[in-house]
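Engineer: My questions will all concern the structure given below.
The values are calculated or read from the model by the stated rules, or taken from the named source; none is laboratory data. On a predicted model such as this, the values are computed, not experimentally measured, just so you know. Here Cβ is always computed from backbone atoms with ideal geometry, including for glycine, and neighbour counts include all displayed protein chains. Surface accessibility is based on the protein's heavy atoms, side chains included, excluding ligands, DNA and RNA. Shrake-Rupley method; radii C 1.70, N 1.55, O 1.52, S 1.80 Å.
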Amino acid sequence: GKLGRYPPWPGKIVNPPKDLKKPRGKKCFFVKFFGTEDHAWIKVEQLKPYHPHKEEMIKINKGKRFQQAVDAVEEFLRKTKGKDQASSHNSTEEKNRRNSSEERGKQSAGEEKRKASLSEGKVKKGTGEGKKRVSSVSSEGGSKSPLKRAQDQSPRKRGRPPKDEKDLTIPESSTVKKVMTGTVAGFKWPPSVSEPVKDSDPHFHHFLLSQTEKPAVCYQAITKKLKVCEEETGSTSIQAADSTAVNGSITPTDKKIGFLGLGLMGSGIVSNLLKMGHTVTVWNRTAEKCDLFIQEGARLGRTPAEVVSTCDITFACVSDPKAAKDLVLGPSGVLQGIRPGKCYVDMSTVDADTVTELAQVIVSRGGRFLEAPVSGNQQLSNDGMLVILAAGDRGLYEDCSSCFQAMGKTSFFLGEVGNAAKMMLIVNMVQGSFMATIAEGLTLAQVTGQSQQTLLDILNQGQLASIFLDQKCQNILQGNFKPDFYLKYIQKDLRLAIALGDSVNHPTPMAAAANEVYKRAKALDQSDNDMSAVYRAYIH
């Protein structure tokens, strides 16, 4: 949908699920928002009485969904009309003087995605003005009256208490530092940025990146559409827009979707597109891989050209630059199905030169092009928790919104074609090098008479602790190298990242060393195993 503000919203305080831990620290309440299935831990100072702000809230909101929410509030009030509400207002004012801190700790991928809300307010650069609060949210129970949700709750880095009220940080992956300027409008954010799950409450972030006049970078993030701008000075502005979720589920686009390539990543992506109600036509080089998806409701395309010509937006996810080129330029390829208005989204991890060449030929035929490589693995793909890095046609990126929400937890728009390819290679270079370092440490522990399990336990207690570290070490300790991310593909990504460094005369000695270890693992027939099988390159 169109970018715009996410306004204050009525809600009520409810009892949280028993297995949901309350954020440690100061006071907050678990809030269910009227007219939706959304809910969040909300700081008490972000709660304000419904009645005094009702008219103001109605002026701001014109949408049908908001009117439904107001109707739900009024119905709630009618049911509780005979109960004493004055005490609720008094207790709410008292609660509003307390503070809360954000939830800490890791949540497994099986836990619920939860939402916090950020309020409308302004933070002026270089002044002591701070933030104006226009708050909101609701209370439940006998005598308590509805409230409306705060537009000024600050999402903060996991595990760190805020330094002061002017600090506003978003999850570390976004690299946004301190909020000093611009307008901050309401959006939802999970109390913990680690492994939120989308089953019961899909919760998605888009980050739109573009260059500003200054040497600065602008993220327009959309939580289901949310905008964040960052300059090198560290100043940030955040805005949010209408959610495309209805009652906690994704509204699928009515455009016909094509998908080419049903490998480890593509299979999970297609499955999630179908689950969320998209119309999908599939094609794979080896046709038998399509059978399972036909049973799930997909249509079968005979050639890439046929899929592109019969669909509005066609995604592709193949192994490497050669496969990506062959898919577009080969016989009965994508290019033959392109005509004005057709859209092509390449999700393969390739080099910037390859993706730029493909973009040029697609656009020359009147097509629209987006590169959208994904960070993740088979498990994250199956869970719909990929991180999508996109660049190219901005309008096409927005048209893909429901698809990206179905397959991923976060998407970044990085500007012109080639940027996503470069960023993806850098991400995988770091990941591949880290994997080799893990293997090196585990084998050195073994040959020096140290317990590998104890090494893992120690690492898991330190600052390196992560799901990636734990899973890959477990793979090695159990001798289970079933592919979650093919070793041959991480080696390909290291090779392409080293070439990227070469192209700008930038040294990549760590990646180069790691690349040699993966090449040895390939020589030991580990190509089709998981990247953690690089461990075997170290065994004497």
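Engineer: Being open to solvent by 10 Å² or more (accessible area, probe 1.4 Å), over 16 Å from Val345 (Cβ atoms) and in a helix (DSSP H, G or I) is the filter here; which residues of segment 259-292 pass it?
Structural biologist: Within segment 259-292, Leu264, Ser267, Ser271, Leu274, Lys275, Ala287, Glu288, Lys289, Asp291, Leu292 meet the criteria.
Engineer: Can you confirm whether Gln474 is more than 26 Å from Lys522 (Cβ to Cβ) and in a helix (DSSP H, G or I)? Walk me through it before giving the result.
Structural biologist: On the way: more than 26 Å from Lys522 (Cβ to Cβ): no; in a helix (DSSP H, G or I): yes.
In short, no.
Engineer: Oh, and also: What number of residues in segment 368-405 are in contact with a strand residue (DSSP E or B) (Cβ under 6 Å, 6 or more places away or on another chain) and either in a strand (DSSP E or B) or over 11 Å from Val345 (Cβ atoms) (or both)? Steps first, answer last, please.
Structural biologist: Keep residues of segment 368-405 that are in contact with a strand residue (DSSP E or B) (Cβ under 6 Å, 6 or more places away or on another chain), which gives 368-376, 380, 385-393, 396-397, 402, 404-405.
If we keep only those that are either in a strand (DSSP E or B) or over 11 Å from Val345 (Cβ atoms) (or both) as well, we get 368-371, 374-376, 380, 385-392, 402, 405.
Total meeting the criteria: 18.
Engineer: Residues in segment 497-540 that are among the hydrophobic types (A, V, I, L, M, F, W, C) and open to solvent by 20 Å² or more (accessible area, probe 1.4 Å): how many? Give the derivation first.
Structural biologist: Here is the first cut: in segment 497-540, the residues among the hydrophobic types (A, V, I, L, M, F, W, C) are 497-500, 504, 510-514, 517, 521, 523-524, 531, 533-534, 537, 539.
The next check asks that each one be open to solvent by 20 Å² or more (accessible area, probe 1.4 Å); those that pass are 498-500, 504, 510, 512-513, 517, 523-524, 539.
Summing the residues that are among the hydrophobic types (A, V, I, L, M, F, W, C) and open to solvent by 20 Å² or more (accessible area, probe 1.4 Å) in segment 497-540 gives 11.
Engineer: So which residues in segment 322-340 are open to solvent by 20 Å² or more (accessible area, probe 1.4 Å) and closer than 27 Å to Leu425 by Cα, if there are any at all?
Structural biologist: Lys322, Ala323, Lys325, Asp326, Leu329, Leu335
Engineer: Could you list, in sequence order, all residues of segment 13-34 that are open to solvent by 10 Å² or more (accessible area, probe 1.4 Å), touching a helix residue (DSSP H, G or I) at 6+ places or on another chain (Cβ under 7 Å) and modelled with pLDDT of 75 or more?
Structural biologist: Hits for segment 13-34 are Phe29, Phe34.
Engineer: Looking at (1) crowded, with 18+ Cβ neighbours inside 10 Å; (2) among the small types (Gly, Ala, Ser); (3) closer than 19 Å to Ala537 by Cβ, which is the one condition that is false for Ala420?
Structural biologist: That leaves (3) as the condition not met.
Engineer: For Asp525, state whether it is outside any helix (DSSP H, G or I), charged (D, E, K, R) and modelled with pLDDT of 95 or more.
Structural biologist: So Asp525 passes the test.
Engineer: Against the definition (assigned by the TED database to the domain that holds Cys317, under 22 Å from Lys256 (Cα atoms) and without any contact (Cβ under 8 Å) to a residue 24 or more places away in the chain), how does Glu371 come out, yes or no? Write out each step before concluding.
Structural biologist: On the way: assigned by the TED database to the domain that holds Cys317: yes; under 22 Å from Lys256 (Cα atoms): yes; without any contact (Cβ under 8 Å) to a residue 24 or more places away in the chain: no.
For Glu371, the condition - assigned by the TED database to the domain that holds Cys317, under 22 Å from Lys256 (Cα atoms) and without any contact (Cβ under 8 Å) to a residue 24 or more places away in the chain - is not met.
Engineer: What's the number of the only condition in (1) open to solvent by less than 10 Å² (accessible area, probe 1.4 Å); (2) in contact (Cβ under 8 Å) with a residue 40 or more places away in the chain; (3) not assigned by the TED database to the domain that holds Leu370 that Leu456 fails to meet?
Structural biologist: Of (1) open to solvent by less than 10 Å² (accessible area, probe 1.4 Å); (2) in contact (Cβ under 8 Å) with a residue 40 or more places away in the chain; (3) not assigned by the TED database to the domain that holds Leu370, only one is false for Leu456: (2).
Engineer: Is one or more of the residues making up segment 341-358 touching a Ser or Thr at 6+ places or on another chain (Cβ under 6 Å), touching a residue at least 12 places away in the same chain (Cβ under 8 Å) and either among the acidic types (Asp, Glu) or surrounded by fewer than 24 Cβ atoms within 10 Å (Cβ to Cβ) (or both)?
Structural biologist: Checking segment 341-358: not a single residue is touching a Ser or Thr at 6+ places or on another chain (Cβ under 6 Å), touching a residue at least 12 places away in the same chain (Cβ under 8 Å) and either among the acidic types (Asp, Glu) or surrounded by fewer than 24 Cβ atoms within 10 Å (Cβ to Cβ) (or both).
Engineer: If you check Leu444 against the conditions, is it modelled with pLDDT of 95 or more, assigned to a helix (DSSP H, G or I), open to solvent by 80 Å² or more (accessible area, probe 1.4 Å) and within 25 Å of Ile539 (Cα to Cα)?
Structural biologist: yes
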